[in-house]
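Novice: Below you will find the structure I want to go over with you.
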Amino acid sequence: MVDTDLKGDTISELPDAVLHQILSFLSTREAARTSVLSTRWRPLWSAVPSLHFYQEEFPRRESLLELVEGAWAARDADVTISTFRLVVSENIDRCYVRRWLENAAERNVEEVEIEVSVGSGDDGSGIVPDSLFRCQSLRSVKLVLPLWKVVFDDGAVGPGSLTTMHLKGIQSCKSSLGTLISSCPVLQELRLEDCYFDLLKITANELKWLTVSRCIFDAYNEVVISTPKLLSFHYTSGKAQGCFIRDMANLVDASIVLFNLSLQNSSVRAWSVSEIFKGLSHASSLTITYLGNQLSVEEHLQYLPIFLNLKYLRLNILFSRECMEAIAYMLKHMPDLEILVVHNELVWYSIIEEHIWWTSKELTGGMLNRLKEIQLGNFGSSNHETEFIEFLVKNGRIAQDHDGSSLHQK
(Lines give C-alpha, C1' and ligand atoms only; values in the text may rest on other atoms or scores of the structure.)
Protein backbone atom coordinates (compact mmCIF):
# COMPACT_ATOMS: atom_id res chain seq x y z
CA MET A 1 0.00 0.00 0.00
CA VAL A 2 1.25 3.46 -0.88
CA ASP A 3 1.88 5.74 2.10
CA THR A 4 -0.34 8.75 1.44
CA ASP A 5 1.67 10.73 3.96
CA LEU A 6 4.88 10.21 1.98
CA LYS A 7 6.37 13.56 1.23
CA GLY A 8 8.93 14.57 -1.37
CA ASP A 9 9.31 14.29 -5.10
CA THR A 10 8.99 10.56 -5.69
CA ILE A 11 9.05 10.88 -9.53
CA SER A 12 12.46 12.52 -9.40
CA GLU A 13 13.73 9.57 -7.41
CA LEU A 14 13.11 7.21 -10.35
CA PRO A 15 16.18 5.97 -12.24
CA ASP A 16 17.38 8.00 -15.22
CA ALA A 17 16.43 5.25 -17.67
CA VAL A 18 12.81 5.31 -16.49
CA LEU A 19 12.60 9.09 -16.69
CA HIS A 20 14.12 9.02 -20.17
CA GLN A 21 11.43 6.57 -21.24
CA ILE A 22 8.71 8.82 -19.82
CA LEU A 23 10.10 11.89 -21.59
CA SER A 24 10.32 9.99 -24.87
CA PHE A 25 6.52 10.18 -25.12
CA LEU A 26 6.77 13.98 -25.31
CA SER A 27 7.96 16.16 -28.14
CA THR A 28 11.54 17.34 -27.70
CA ARG A 29 10.34 20.89 -27.01
CA GLU A 30 8.09 19.65 -24.19
CA ALA A 31 10.87 17.44 -22.82
CA ALA A 32 13.32 20.36 -22.86
CA ARG A 33 10.94 22.47 -20.79
CA THR A 34 11.21 19.99 -17.90
CA SER A 35 14.82 21.13 -17.40
CA VAL A 36 13.56 24.12 -15.36
CA LEU A 37 11.94 21.89 -12.72
CA SER A 38 15.08 21.26 -10.69
CA THR A 39 18.76 20.48 -10.93
CA ARG A 40 17.78 16.78 -11.02
CA TRP A 41 15.77 17.32 -14.21
CA ARG A 42 18.10 19.80 -15.90
CA PRO A 43 20.23 17.27 -17.88
CA LEU A 44 17.61 14.58 -18.38
CA TRP A 45 16.04 15.83 -21.63
CA SER A 46 19.40 15.83 -23.41
CA ALA A 47 19.73 12.06 -23.02
CA VAL A 48 16.21 11.06 -24.11
CA PRO A 49 16.60 8.42 -26.87
CA SER A 50 13.99 10.01 -29.15
CA LEU A 51 13.88 13.39 -30.89
CA HIS A 52 10.49 14.68 -32.04
CA PHE A 53 10.16 18.15 -33.61
CA TYR A 54 6.91 19.64 -34.92
CA GLN A 55 6.83 23.12 -36.41
CA GLU A 56 3.35 23.79 -35.04
CA GLU A 57 4.96 24.07 -31.59
CA PHE A 58 7.24 26.93 -32.63
CA PRO A 59 6.18 30.53 -33.32
CA ARG A 60 9.23 31.10 -35.55
CA ARG A 61 11.31 28.88 -37.78
CA GLU A 62 14.45 30.19 -36.14
CA SER A 63 13.26 28.84 -32.77
CA LEU A 64 12.84 25.41 -34.31
CA LEU A 65 16.30 25.44 -35.87
CA GLU A 66 17.84 26.58 -32.61
CA LEU A 67 16.27 23.73 -30.62
CA VAL A 68 17.10 21.03 -33.19
CA GLU A 69 20.71 22.16 -33.39
CA GLY A 70 20.91 22.42 -29.60
CA ALA A 71 19.39 18.98 -29.09
CA TRP A 72 22.00 17.33 -31.30
CA ALA A 73 24.84 19.32 -29.72
CA ALA A 74 23.72 18.32 -26.21
CA ARG A 75 23.91 14.61 -26.98
CA ASP A 76 27.11 12.62 -26.73
CA ALA A 77 28.19 10.95 -29.93
CA ASP A 78 27.89 7.49 -28.36
CA VAL A 79 24.26 7.99 -27.23
CA THR A 80 21.89 5.87 -29.35
CA ILE A 81 18.85 7.60 -30.86
CA SER A 82 15.83 5.33 -31.24
CA THR A 83 13.60 7.80 -33.13
CA PHE A 84 14.19 10.99 -35.07
CA ARG A 85 11.02 12.73 -36.25
CA LEU A 86 10.84 16.16 -37.94
CA VAL A 87 7.64 17.58 -39.42
CA VAL A 88 8.03 21.05 -40.92
CA SER A 89 5.82 22.90 -43.39
CA GLU A 90 8.25 25.75 -44.14
CA ASN A 91 11.47 25.64 -46.12
CA ILE A 92 14.58 24.58 -44.26
CA ASP A 93 17.97 24.82 -45.90
CA ARG A 94 18.92 21.35 -47.07
CA CYS A 95 22.31 21.49 -45.34
CA TYR A 96 20.53 21.41 -41.97
CA VAL A 97 18.36 18.42 -42.88
CA ARG A 98 21.28 16.52 -44.37
CA ARG A 99 23.42 17.09 -41.27
CA TRP A 100 20.62 15.96 -38.96
CA LEU A 101 20.14 12.76 -40.97
CA GLU A 102 23.85 12.09 -40.77
CA ASN A 103 23.75 12.65 -36.99
CA ALA A 104 20.89 10.17 -36.68
CA ALA A 105 22.78 7.52 -38.69
CA GLU A 106 25.91 8.00 -36.58
CA ARG A 107 23.88 7.36 -33.44
CA ASN A 108 22.39 4.08 -34.71
CA VAL A 109 18.88 5.43 -35.22
CA GLU A 110 16.07 2.88 -35.50
CA GLU A 111 13.21 4.99 -36.84
CA VAL A 112 13.35 8.12 -39.03
CA GLU A 113 10.40 10.26 -40.16
CA ILE A 114 11.18 13.49 -42.02
CA GLU A 115 8.54 15.68 -43.65
CA VAL A 116 10.08 18.92 -44.92
CA SER A 117 9.24 21.25 -47.80
CA VAL A 118 11.83 21.57 -50.54
CA GLY A 119 14.93 23.28 -49.19
CA SER A 120 16.81 26.14 -50.76
CA GLY A 121 19.95 25.52 -52.76
CA ASP A 122 21.62 26.25 -56.07
CA ASP A 123 19.89 23.38 -57.87
CA GLY A 124 16.79 23.23 -55.66
CA SER A 125 17.47 19.69 -54.55
CA GLY A 126 19.45 17.72 -52.00
CA ILE A 127 20.91 14.27 -51.73
CA VAL A 128 19.86 11.90 -48.96
CA PRO A 129 23.10 10.96 -47.14
CA ASP A 130 24.11 7.41 -48.01
CA SER A 131 25.09 6.85 -44.38
CA LEU A 132 21.37 6.73 -43.53
CA PHE A 133 20.70 3.83 -45.90
CA ARG A 134 23.78 2.01 -44.67
CA CYS A 135 22.73 2.26 -41.04
CA GLN A 136 22.34 -1.33 -39.82
CA SER A 137 20.08 -0.37 -36.90
CA LEU A 138 17.50 1.39 -39.10
CA ARG A 139 14.12 -0.40 -38.99
CA SER A 140 11.69 2.19 -40.39
CA VAL A 141 12.19 5.24 -42.59
CA LYS A 142 9.76 7.81 -43.97
CA LEU A 143 11.17 10.62 -46.09
CA VAL A 144 8.89 13.29 -47.52
CA LEU A 145 11.53 15.40 -49.25
CA PRO A 146 10.36 16.84 -52.60
CA LEU A 147 13.14 16.97 -55.23
CA TRP A 148 15.70 15.24 -53.02
CA LYS A 149 17.75 12.48 -54.63
CA VAL A 150 18.70 8.96 -53.63
CA VAL A 151 22.13 7.78 -54.75
CA PHE A 152 23.00 4.20 -53.85
CA ASP A 153 25.83 2.36 -55.59
CA ASP A 154 25.94 -1.27 -56.68
CA GLY A 155 27.65 -3.45 -54.12
CA ALA A 156 26.92 -1.11 -51.22
CA VAL A 157 25.73 -2.72 -47.97
CA GLY A 158 22.15 -1.71 -47.27
CA PRO A 159 20.21 -1.44 -44.00
CA GLY A 160 20.01 -5.02 -42.83
CA SER A 161 17.21 -4.39 -40.32
CA LEU A 162 14.93 -2.15 -42.43
CA THR A 163 11.35 -3.48 -42.59
CA THR A 164 9.39 -0.35 -43.60
CA MET A 165 10.28 2.31 -46.18
CA HIS A 166 8.09 5.22 -47.31
CA LEU A 167 9.48 7.72 -49.82
CA LYS A 168 7.59 10.72 -51.20
CA GLY A 169 8.86 13.24 -53.74
CA ILE A 170 12.21 11.49 -54.05
CA GLN A 171 14.21 11.29 -57.29
CA SER A 172 16.20 8.14 -58.01
CA CYS A 173 19.47 8.55 -59.89
CA LYS A 174 19.60 5.80 -62.53
CA SER A 175 18.98 2.46 -60.78
CA SER A 176 19.80 3.68 -57.25
CA LEU A 177 16.40 3.00 -55.69
CA GLY A 178 16.16 -0.50 -57.11
CA THR A 179 19.67 -1.23 -55.87
CA LEU A 180 18.74 0.07 -52.42
CA ILE A 181 15.56 -2.01 -52.26
CA SER A 182 17.34 -5.20 -53.26
CA SER A 183 19.91 -4.57 -50.51
CA CYS A 184 17.22 -4.64 -47.78
CA PRO A 185 16.92 -8.36 -46.96
CA VAL A 186 13.99 -8.08 -44.51
CA LEU A 187 12.00 -5.24 -46.12
CA GLN A 188 8.26 -5.98 -45.74
CA GLU A 189 6.47 -2.72 -46.55
CA LEU A 190 7.37 -0.27 -49.32
CA ARG A 191 5.45 2.88 -50.26
CA LEU A 192 6.57 5.16 -53.11
CA GLU A 193 4.61 8.37 -53.76
CA ASP A 194 5.21 11.20 -56.23
CA CYS A 195 8.70 9.89 -56.95
CA TYR A 196 10.66 10.09 -60.21
CA PHE A 197 12.59 7.19 -61.68
CA ASP A 198 14.74 6.76 -64.74
CA LEU A 199 14.62 3.04 -64.10
CA LEU A 200 12.81 1.05 -61.44
CA LYS A 201 13.39 -2.58 -60.58
CA ILE A 202 11.89 -3.86 -57.33
CA THR A 203 13.30 -7.18 -56.23
CA ALA A 204 12.42 -7.96 -52.62
CA ASN A 205 12.00 -11.51 -51.43
CA GLU A 206 10.33 -10.64 -48.11
CA LEU A 207 8.13 -7.73 -49.27
CA LYS A 208 4.44 -8.11 -48.34
CA TRP A 209 2.89 -4.66 -48.95
CA LEU A 210 3.76 -2.48 -51.95
CA THR A 211 2.28 0.85 -53.06
CA VAL A 212 3.52 2.79 -56.10
CA SER A 213 1.42 5.96 -56.33
CA ARG A 214 1.56 8.92 -58.76
CA CYS A 215 5.17 8.22 -59.66
CA ILE A 216 6.79 9.37 -62.91
CA PHE A 217 8.86 7.01 -65.02
CA ASP A 218 11.06 7.36 -68.05
CA ALA A 219 8.74 6.46 -70.95
CA TYR A 220 11.17 4.06 -72.59
CA ASN A 221 12.50 2.19 -69.56
CA GLU A 222 10.96 -0.89 -68.02
CA VAL A 223 9.39 -1.17 -64.60
CA VAL A 224 10.04 -4.66 -63.24
CA ILE A 225 8.48 -5.87 -59.98
CA SER A 226 9.47 -9.27 -58.60
CA THR A 227 8.14 -9.94 -55.10
CA PRO A 228 7.28 -13.60 -54.39
CA LYS A 229 5.75 -13.05 -50.91
CA LEU A 230 3.68 -9.96 -51.75
CA LEU A 231 0.17 -9.92 -50.24
CA SER A 232 -1.06 -6.44 -51.21
CA PHE A 233 -0.18 -4.40 -54.30
CA HIS A 234 -1.45 -0.92 -55.22
CA TYR A 235 -0.16 0.67 -58.40
CA THR A 236 -1.65 4.06 -59.31
CA SER A 237 1.11 5.59 -61.40
CA GLY A 238 -0.54 5.00 -64.78
CA LYS A 239 2.48 3.78 -66.72
CA ALA A 240 1.53 0.68 -68.66
CA GLN A 241 4.09 0.10 -71.39
CA GLY A 242 7.11 -1.78 -70.16
CA CYS A 243 5.63 -2.65 -66.77
CA PHE A 244 6.28 -6.28 -65.82
CA ILE A 245 4.88 -7.81 -62.65
CA ARG A 246 6.28 -11.20 -61.70
CA ASP A 247 6.37 -13.81 -58.95
CA MET A 248 3.29 -12.79 -56.95
CA ALA A 249 1.96 -16.25 -56.14
CA ASN A 250 0.77 -15.17 -52.65
CA LEU A 251 -1.04 -12.01 -53.78
CA VAL A 252 -4.41 -11.40 -52.11
CA ASP A 253 -5.42 -7.81 -52.85
CA ALA A 254 -4.43 -5.61 -55.80
CA SER A 255 -5.47 -2.36 -57.45
CA ILE A 256 -3.98 -0.68 -60.52
CA VAL A 257 -4.57 2.55 -62.42
CA LEU A 258 -3.55 2.69 -66.10
CA PHE A 259 -3.79 5.68 -68.42
CA ASN A 260 -2.80 4.55 -71.88
CA LEU A 261 -2.45 1.11 -73.41
CA SER A 262 -1.52 2.11 -76.94
CA LEU A 263 1.29 0.04 -78.42
CA GLN A 264 4.78 1.50 -78.35
CA ASN A 265 6.58 2.49 -81.51
CA SER A 266 8.51 -0.09 -83.49
CA SER A 267 11.82 0.80 -81.84
CA VAL A 268 10.60 -0.46 -78.47
CA ARG A 269 9.75 -4.01 -77.52
CA ALA A 270 6.12 -4.90 -78.15
CA TRP A 271 4.03 -5.03 -75.01
CA SER A 272 0.48 -5.81 -73.92
CA VAL A 273 -1.51 -5.28 -70.74
CA SER A 274 -1.32 -9.04 -70.26
CA GLU A 275 2.23 -8.49 -68.96
CA ILE A 276 0.74 -6.73 -65.95
CA PHE A 277 -2.15 -9.15 -65.47
CA LYS A 278 0.15 -12.16 -65.45
CA GLY A 279 1.55 -11.02 -62.13
CA LEU A 280 -1.92 -10.32 -60.70
CA SER A 281 -3.52 -13.61 -61.66
CA HIS A 282 -3.33 -15.05 -58.12
CA ALA A 283 -5.25 -12.19 -56.45
CA SER A 284 -8.63 -12.81 -54.83
CA SER A 285 -9.59 -9.11 -54.97
CA LEU A 286 -8.72 -6.86 -57.91
CA THR A 287 -9.57 -3.26 -58.81
CA ILE A 288 -8.66 -1.95 -62.28
CA THR A 289 -9.01 1.70 -63.23
CA TYR A 290 -8.37 2.39 -66.91
CA LEU A 291 -8.63 5.97 -68.14
CA GLY A 292 -7.43 5.43 -71.71
CA ASN A 293 -9.22 5.83 -75.00
CA GLN A 294 -9.33 2.19 -75.98
CA LEU A 295 -9.15 -1.30 -74.57
CA SER A 296 -8.81 -3.87 -77.30
CA VAL A 297 -8.91 -7.64 -76.93
CA GLU A 298 -6.71 -8.10 -79.97
CA GLU A 299 -4.07 -5.53 -79.01
CA HIS A 300 -4.02 -5.72 -75.22
CA LEU A 301 -5.56 -8.93 -73.88
CA GLN A 302 -4.44 -11.65 -76.25
CA TYR A 303 -2.32 -13.38 -73.56
CA LEU A 304 -4.65 -12.86 -70.63
CA PRO A 305 -4.08 -15.46 -67.86
CA ILE A 306 -6.74 -17.37 -65.95
CA PHE A 307 -7.63 -15.78 -62.60
CA LEU A 308 -8.35 -18.93 -60.62
CA ASN A 309 -8.59 -17.26 -57.18
CA LEU A 310 -10.45 -14.07 -58.11
CA LYS A 311 -13.65 -13.48 -56.13
CA TYR A 312 -14.06 -9.70 -56.38
CA LEU A 313 -13.47 -7.51 -59.44
CA ARG A 314 -14.04 -3.77 -59.75
CA LEU A 315 -13.57 -2.00 -63.09
CA ASN A 316 -13.50 1.80 -63.30
CA ILE A 317 -13.48 2.56 -67.02
CA LEU A 318 -14.54 4.94 -69.78
CA PHE A 319 -17.29 2.70 -71.04
CA SER A 320 -17.59 2.03 -74.78
CA ARG A 321 -18.54 -0.84 -77.06
CA GLU A 322 -14.88 -1.81 -77.31
CA CYS A 323 -14.57 -1.86 -73.53
CA MET A 324 -17.72 -3.97 -73.31
CA GLU A 325 -16.13 -6.60 -75.56
CA ALA A 326 -12.91 -6.49 -73.54
CA ILE A 327 -14.77 -6.98 -70.24
CA ALA A 328 -16.71 -9.90 -71.64
CA TYR A 329 -13.44 -11.46 -72.74
CA MET A 330 -11.86 -10.89 -69.32
CA LEU A 331 -14.80 -12.48 -67.49
CA LYS A 332 -14.24 -15.71 -69.41
CA HIS A 333 -10.87 -15.93 -67.63
CA MET A 334 -12.39 -15.55 -64.14
CA PRO A 335 -14.29 -18.78 -63.47
CA ASP A 336 -14.86 -18.28 -59.71
CA LEU A 337 -15.79 -14.59 -59.72
CA GLU A 338 -18.50 -13.79 -57.15
CA ILE A 339 -18.82 -10.00 -57.19
CA LEU A 340 -18.47 -7.75 -60.23
CA VAL A 341 -18.53 -3.95 -59.98
CA VAL A 342 -18.33 -1.83 -63.15
CA HIS A 343 -18.27 1.96 -62.80
CA ASN A 344 -18.49 4.22 -65.81
CA GLU A 345 -15.98 7.06 -65.41
CA LEU A 346 -17.57 9.21 -68.14
CA VAL A 347 -18.70 12.03 -65.85
CA TRP A 348 -20.75 13.74 -68.55
CA TYR A 349 -23.40 11.05 -68.11
CA SER A 350 -24.43 12.77 -64.93
CA ILE A 351 -25.15 15.88 -66.97
CA ILE A 352 -26.98 14.62 -70.07
CA GLU A 353 -28.40 11.34 -68.75
CA GLU A 354 -29.67 9.96 -65.50
CA HIS A 355 -27.05 8.71 -63.06
CA ILE A 356 -27.75 5.00 -62.79
CA TRP A 357 -26.63 2.42 -60.26
CA TRP A 358 -27.99 -1.02 -61.01
CA THR A 359 -27.51 -4.05 -58.78
CA SER A 360 -28.38 -7.70 -59.10
CA LYS A 361 -27.60 -10.34 -56.47
CA GLU A 362 -27.61 -14.14 -56.21
CA LEU A 363 -26.96 -14.95 -59.85
CA THR A 364 -26.63 -18.58 -60.92
CA GLY A 365 -25.72 -20.55 -64.03
CA GLY A 366 -24.25 -19.54 -67.38
CA MET A 367 -20.63 -18.57 -68.05
CA LEU A 368 -20.60 -16.60 -64.79
CA ASN A 369 -21.85 -19.54 -62.79
CA ARG A 370 -20.29 -18.38 -59.49
CA LEU A 371 -21.35 -14.75 -59.75
CA LYS A 372 -23.56 -13.67 -56.86
CA GLU A 373 -23.67 -9.92 -57.26
CA ILE A 374 -23.30 -7.34 -60.04
CA GLN A 375 -23.11 -3.57 -59.51
CA LEU A 376 -23.17 -1.16 -62.44
CA GLY A 377 -22.47 2.47 -61.60
CA ASN A 378 -23.08 5.65 -63.62
CA PHE A 379 -24.66 3.75 -66.51
CA GLY A 380 -26.97 5.43 -68.98
CA SER A 381 -29.27 3.98 -71.62
CA SER A 382 -27.01 3.87 -74.67
CA ASN A 383 -27.14 0.81 -76.89
CA HIS A 384 -23.79 -0.62 -75.84
CA GLU A 385 -24.61 -0.21 -72.14
CA THR A 386 -27.92 -1.97 -72.61
CA GLU A 387 -26.18 -4.70 -74.58
CA PHE A 388 -23.69 -5.17 -71.78
CA ILE A 389 -26.46 -5.63 -69.21
CA GLU A 390 -28.16 -8.11 -71.52
CA PHE A 391 -24.87 -10.02 -71.77
CA LEU A 392 -24.68 -10.27 -67.99
CA VAL A 393 -28.32 -11.33 -67.79
CA LYS A 394 -27.85 -14.05 -70.38
CA ASN A 395 -24.59 -15.47 -69.10
CA GLY A 396 -25.50 -15.23 -65.46
CA ARG A 397 -29.06 -16.45 -66.07
CA ILE A 398 -30.49 -13.71 -63.91
CA ALA A 399 -34.10 -14.06 -62.89
CA GLN A 400 -36.45 -12.82 -65.58
CA ASP A 401 -37.59 -9.78 -63.64
CA HIS A 402 -34.03 -8.39 -63.81
CA ASP A 403 -34.04 -7.08 -67.36
CA GLY A 404 -33.21 -3.66 -68.76
CA SER A 405 -36.36 -2.22 -67.18
CA SER A 406 -34.96 -2.92 -63.71
CA LEU A 407 -32.53 -0.01 -63.99
CA HIS A 408 -33.18 2.45 -61.24
CA GLN A 409 -31.63 5.61 -59.88
CA LYS A 410 -29.83 5.23 -56.59
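The values are calculated or read from the model by the stated rules, or taken from the named source; none is laboratory data. These numbers come from a predicted model, not from an experiment. Note that each Cβ is placed from the backbone with ideal geometry, even for glycine, and that neighbours are counted across all protein chains shown. When the accessible area is computed, the model is the full protein with side chains, heavy atoms only, and any ligands, DNA or RNA have been set aside. Shrake-Rupley method; radii C 1.70, N 1.55, O 1.52, S 1.80 Å.
Novice: Would you work out what percent of the accessible area of region 1-116, with all protein chains in place, is carbon or sulfur (probe 1.4 Å)?
Specialist: For region 1-116, the apolar C and S fraction of the accessible surface comes to 51 percent.
Novice: Sticking with this one: Quote to one decimal, in nm, the extra length available between S12 and R370 on full extension: 0.36 nm per residue of separation minus the C-alpha distance between them. Numbers along the way, then the final one.
Specialist: Numbers: separation 358, 0.36 × 358 = 128.88 nm, distance 6.74 nm.
Additional length available on full extension: 122.1 nm.
Novice: Given a Förster distance of 30 Å, report the FRET efficiency between S89 and K174 from their Cβ-Cβ distance, rounded to the nearest 0.05.
Specialist: The calculated FRET efficiency here is 0.45.
Novice: So between L37 and Y54, what do we pick up on full extension, going 0.36 nm a residue minus the alpha carbon distance?
Specialist: Net length gain for the segment: 3.8 nm.
Novice: Please list 3J(HN,Hα) in residue order for region 182-187, calculated via the Karplus relation 6.51 cos²θ - 1.76 cosθ + 1.60 where θ = phi - 60°; whole Hz, with x for glycine and proline.
Specialist: Going residue by residue, I get 5, 8, 9, x, 10, 4 Hz, with x marking Gly and Pro.
Novice: Quick one: if the Förster radius is 45 Å, what FRET efficiency do E345 and R61 give, using the C-beta to C-beta distance and rounding to 0.05?
Specialist: It comes to 0.55.
Novice: While we're here: Tell me the accessible surface of C95 in square angstrom (1.4 angstrom probe, heavy atoms of protein chains only), to the nearest ten.
Specialist: 70
Novice: Be a star and scan region 178-206 for residues whose amide nitrogen sits under 11 Å from the point 7 Å along the Cα-to-Cβ vector of R246.
Specialist: Flagged as within label range: 202-203.
Novice: Let me ask something else about it. Would you work out which of S161, P146, L64 lies farthest towards the positive end of the dipole of region 64-174? Charges go on Cβ: Lys and Arg +1, Asp and Glu -1.
Specialist: Checked the options; the winner is S161.
Novice: With a Förster radius of 22 Å, plug the Cβ-Cβ distance of D153 and Y196 into 1/(1 + (r/R0)^6) and report the FRET value to the nearest 0.05.
Specialist: 0.70
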